[in-house]
Amino acid sequence: MTTRRPSTLQDVARAAGVSRATASRVLANTGYASPAARDRVSAAADQLGYVPNLAARALVRGTGLRLVVAVSGTDATVLDDPYVDRVVGAAARVCAPYGLGVALHWLPTGAPGGLRRLAEERGLGALLLTNTTEAVLDAVPVGLRGRVASIGVGSALVPAFDVDNGGGTEAVVRHLYATGRRRIAMVTGPRWLSCAARSVHAYRRVVRDAALPVRLVPGDFSARRGRVAAREVLERWPDTDAIVGCSDATAFGVIDRLRGEGVQVPGDVAVTGFDDIPLAAMTTPALTTATHPVARIATAAATAVLAGRPVPPSTLFPSRLVRRVSA
């Protein structure tokens, strides 16, 4: 089987019957081209599936282009999440050799239409969506095709790069069961975040297969919410012997609340997280968790939108169990 090579700017120019320079001006939306030429170039690009190579454009133009990391969240505090810092850092390392800047943008969950304003900005070269929702995917302008990727859920037009949090959560819950825990509660991720549902489905599947009770309390990835959720678990199900946190920060909050209530970890209640951030190995007790290769995921997503080449619709990075003292 042969693989069709990506279409080039020269292919588009030839199909449209214009010069390469004219095709470049039309596709970059810079300089003059007649309406007829613009129509022919746009039609040829659509027919050939042409996607501009952003890295090459950045090298030719020098400066002015940037990659935007757009993070969905209920409020701007989502930008303070260390996870976002890691995404931006990885993207910056990919963009640096091309002189391409990186900008951070908050996208309110209730106003995904802000993507259209972003798309109209002249300097926008590419877009990485983070904490992506279906509403955000529906709001992605057609003009961003080939220049946008999602760290989270994706769509037919937006490729997705994410961790297999379902697989990681399953490994964590199975570990708890194997060590004798039978009343396992879970503090979930935010309900508006679609990819967080994979962890909940994995948890439900394992505990139901083992004929264990399902005990779910909503969370939001923060330590603050972890503290509140731990208290709720103790009040609703005082016989709970394990709590699965949707993130390491959540797990830290759970442990803090349990200690405040005189509950021993892991003696009375085992606690696990998800992410394996550096602090997880240094807390007392050291946190049992599952890996989340954020830098690798963001690097792959940024590389894809820079190269402008076709990629699989969904790329999941594996997550593995990391056993430590807390469970």
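So if we plug the beta-carbon distance of Arg208 and Gln264 into 1/(1 + (r/R0)^6) with R0 = 30 Å, what FRET efficiency do we get, rounded to 0.05? Once rounded, the FRET efficiency stands at 0.60.
Here r is the Cβ-Cβ distance between His201 and Ser34 and R0 is 56 Å; the resulting FRET efficiency, rounded to 0.05, is 0.55. Projecting label points 7 angstrom from Cα along Cα→Cβ for Glu134 and Arg93 puts them 3.5 nm apart.
Close amide-amide hydrogen proximity is noted between Ser247 and Phe274, each under 5 Å apart and 5 or more residues distant or on a separate chain (H modeled in the peptide plane; Pro and chain starts excluded). Couplings 3J(HN,Hα) of region 33-41, computed from phi: 7, 5, x, 5, 5, 4, 5, 5, 5 Hz, in residue order, whole Hz [Karplus 6.51 cos²θ - 1.76 cosθ + 1.60, θ = phi - 60°; x for Gly and Pro]. When the Cα positions of Pro108, Pro266, Thr188 are compared along the charge dipole of the chain, Pro108 comes out farthest toward the positive end, with charges on each C-beta of Lys, Arg, Asp and Glu. Across region 143-166, the residues whose backbone nitrogen lies under 12 Å from the label position 7 Å along the beta-carbon direction of Ser42 are 143.
Potential lengthening of the chain between Thr77 and Glu121 amounts to 13.4 nm, from the contour at 0.36 nm per residue minus the alpha-carbon distance.
Count Lys and Arg as plus one, Asp and Glu as minus one, and take only other residues whose Cβ is under 13 Å from that of Ser34; the net charge is then +2. Convex hull volume of the C-alpha atoms in the chain, normalised per residue: 141 Å³. Taking amide hydrogens as placed 1.01 Å from N in the peptide plane, the amide H of Leu127 sits under 5 Å from those of Val68, Val148, Ala149, each at least 5 positions away in sequence or on another chain. If you plug the beta carbon distance of Thr315 and Thr283 into 1/(1 + (r/R0)^6) with R0 = 30 Å, you get a FRET efficiency near 0.45.
If the segment from Arg174 to Val142 were pulled out straight at 0.36 nm per residue, it would be longer than the present Cα-Cα gap by 7.2 nm.
Figure legend: label point modelled 7 angstrom from the Cα of Arg323 along Cα→Cβ; residues of region 217-253 with amide N under 19 Å from it are 242-245.
A simple charge model with +1 on the Cβ of Lys and Arg, -1 on the Cβ of Asp and Glu and nothing else charged puts the dipole of the chain at about 860 debye relative to its Cα centre. A helix-only calculation puts the chain at -12500 deg cm²/dmol for mean residue ellipticity at 222 nm, using -39500 (n - 2.57) for each DSSP H run of at least four residues, averaged over all residues.
Each reported figure results from applying straightforward, stated rules to the coordinates on display, with no laboratory input. These numbers were taken from a predicted model, which means no experiment stands behind them. We place every Cβ from the backbone using ideal geometry, glycine too, and count neighbours over all the protein chains shown.
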